[in-house]
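A short worksheet on the structure shown next.
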Amino acid sequence: MEPTDRFEAFFSALKVVDTEYVLLIDEDQIPSEKLFDELRNIKADFAIVPERSINRNICGRMMDIKRKRVEELAKMSLDPLQRAVPRFYRTDILKAALNGVDSRFAPHEDSFIFSRVLETTKSYTVLKSVLYNYDVSLRTYMLKSYKYGAALGRNENPTLGKFALKMDLSIMIGRQMISLTPIDLVRAFPYALGYLVGKFRRRGISRHS
């Protein structure tokens, strides 16, 4: 046990997984009662698990609008930029897709993982059972958005950093604007401010190193 970031922790855990499939969930998520029964019958290489708010605060209700929108889009076509990312993968495909990938932190690591898997397989399904999310307050969400943007601005991994920035810009001004919802607008200002602050601090450190 040692301090690490989420992406590196994920790689460390994946090395010891020896099951046929793996389910990826966050610490603020709870599987619904029937989810595992549905997962036991999966034959596809990966599955998109719908997500819903369990505490239904303002942020949660806004997030559910976003979640339902991207899930409907995922049923029509696959695109990691849509953020309806799988939580359930065949382990061997997941390991092969990430072989040689730099594990240093970057935002949207789950979408980056999805983009790598899509290069090798399109065998998927969208489940009916859900993962429940404990959604934070709107104030906390905006603060997290600021920190998220700052982390991307400081990011030194060019591959993952460019992917994350492309993903965020595609939703706000690009071809994925069809999935734009009110929660994206709430996130936009603190995220952009954090990104600029992160970039500024990174340049300042570079000049003094």
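The values are calculated or read from the model by the stated rules, or taken from the named source; none is laboratory data. Owing to the predicted nature of the structure, the values given are computational and were not obtained by experimental measurement. Methodologically, a virtual Cβ is constructed for each residue, glycine included, from the backbone with ideal geometry; neighbour enumeration extends over all protein chains shown. In case anyone asks, the SASA skips ligands and DNA or RNA and just uses the protein heavy atoms, side chains included. Shrake-Rupley method; radii C 1.70, N 1.55, O 1.52, S 1.80 Å.
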Conditions (1) open to solvent by 50 Å² or more (accessible area, probe 1.4 Å); (2) over 20 Å from ALA164 (Cβ atoms); (3) touching a residue at least 24 places away in the same chain (Cβ under 8 Å); (4) not in a helix (DSSP H, G or I): number failed by ASP102: (2)
Being modelled with pLDDT under 80 and touching a Phe, Trp or Tyr at 6+ places or on another chain (Cβ under 8 Å) is the filter here; which residues of region 166-209 pass it? ASP168
In region 1-45, what count of residues is obtained for those that are open to solvent by 90 Å² or more (accessible area, probe 1.4 Å), among the aliphatic types (A, V, I, L, M) and in a loop (DSSP other than H, G, I, E, B)? 1
Subset of region 105-123 that is open to solvent by 60 Å² or more (accessible area, probe 1.4 Å) and touching a residue at least 40 places away in the same chain (Cβ under 8 Å) - its residue that is nearest to GLU20 (Cα to Cα): LYS122
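Conditions (1) in contact (Cβ under 8 Å) with a residue 60 or more places away in the chain; (2) among the aromatic types (Phe, Trp, Tyr), marked per residue:
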residue: SER32; (1), (2): yes, no
residue: SER53; (1), (2): yes, no
residue: GLU71; (1), (2): no, no
residue: TYR89; (1), (2): yes, yes
residue: LEU94; (1), (2): yes, no
For residues in region 179-196 being under 17 Å from HIS108 (Cβ atoms) and hydrophobic (A, V, I, L, M, F, W, C), which is surrounded by the most Cβ atoms within 10 Å (Cβ to Cβ)? ILE183
Answer yes or no: is there a residue in region 76-88 that is more than 28 Å from TYR141 (Cα to Cα), open to solvent by less than 40 Å² (accessible area, probe 1.4 Å) and of a type in the set (Ser, Thr, Tyr). no
If we keep only residues of region 58-81 that are touching a helix residue (DSSP H, G or I) at 6+ places or on another chain (Cβ under 9 Å) and outside any helix (DSSP H, G or I), then the residue modelled with the lowest pLDDT is ASP79
Within region 47-73, count every residue that is open to solvent by 20 Å² or more (accessible area, probe 1.4 Å), in contact with a strand residue (DSSP E or B) (Cβ under 9 Å, 6 or more places away or on another chain) and of a type in the set (Val, Ile, Thr). 1
Within region 106-116, is even one residue part of a loop (DSSP other than H, G, I, E, B), out of contact with any Ser or Thr (no Cβ under 9 Å at 6 or more places or on another chain) and of a type in the set (Val, Ile, Thr)? no
Across region 124-155, which residue is nearest to CYS59 (Cα to Cα) among those that are open to solvent by 50 Å² or more (accessible area, probe 1.4 Å) and part of a loop (DSSP other than H, G, I, E, B)? SER137
